[in-house]
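Beneath this line is the structure, given in structure tokens, with notes to follow.
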Amino acid sequence: MFDALEQFMLVAEKLERAGAPVSVCDCCERTYPETWIIDNICPFCGEEHTSSTSDAPKRPKPKVTLDVYGYPTDEFLEYIRGFTMDDNLGEYLAVLQAGWWQKECGFVYEGQNREILHLYTGGWSGNEDTISVLQNTMFWGMYWKESRRGGHYTFEIEPRRQ
């Protein structure tokens, strides 16, 4: 059984192999995706990161999320893949919903103080493509709660403290 650190390191290695920009901490010397740097702090040792990412421009939302056949566009999948703690969570979820085929029954919110997001793929390969990308994001690592047979994914989203 893997512990949480080993799981994160496996995800970091997978993202690096996929071409995600990476950073190396000067203190703990761990390599991890640049999108994991939060408030200029290394996600593993808690020491200040040496290069600043706070000047990074806001990511543009994709202009088109689904093609004429209902499949996610490359632009949409790149946006979903790039989730960081600096992103506006509400905006990110709105884009995710816009790119979800059959969102009327496959994208369900519930809750008051914390939201529960249910994603149902409906067996649609386009939605499965989106899940495949989502599984390798910080969003998944932070909010995923469970997966069930039949393409049902649950996320528990607590409000962020400002």
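Each value in this text was obtained by applying a stated rule to the coordinates, not by laboratory testing. These numbers were taken from a predicted model, which means no experiment stands behind them. So basically every Cβ, Gly included, is an ideal-geometry build from the backbone, and we count neighbours across all protein chains shown.
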Q: Excluding L77 itself, calculate the net charge of residues whose Cβ lies under 14 Å from the Cβ of L77, where each Lys or Arg counts +1 and each Asp or Glu counts -1.
A: -2
Q.
Give the residue list of chymotrypsin sites (Phe, Trp or Tyr not before Pro) in segment 107-146 that are DSSP loop and have at most 16 other beta-carbon atoms within 10 angstrom.
A. none
Q. Measuring from label point to label point, each 7 Å out along Cα→Cβ, what is the Y109 to E48 span in nm?
A. 3.7 nm
Q | Spin-label model distance (nm) - E78 vs R148, 7 Å beyond Cα toward Cβ | A | 3.6 nm
Q | Ratio Rg/Rh, restricted to segment 74-157 and using Cα atoms, in which Rh is the Kirkwood radius | A | 0.92
Q: Work out the FRET efficiency for D26 and N88 from their Cβ-Cβ distance, taking R0 = 35 Å, and round it to the nearest 0.05.
A: 0.70
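Quick one: net charge of C27's neighbours, Cβ under 14 Å, K/R +1, D/E -1?
Values: positive: R30; negative: D26, E29, E47, E48.
Here the charged neighbours net out to -3.
In segment 77-162, which trypsin sites (Lys or Arg not before Pro) fall in coil by DSSP and have 13 or fewer other Cβ atoms within 10 Å? Intermediate results must be reported in sequence, preceding the final value.
On the way: sites: R81, K103, R114, K145, R148, R149, R160, R161; in loops: R114, R149, R160, R161.
Those satisfying the criteria are R114, R149, R160, R161.
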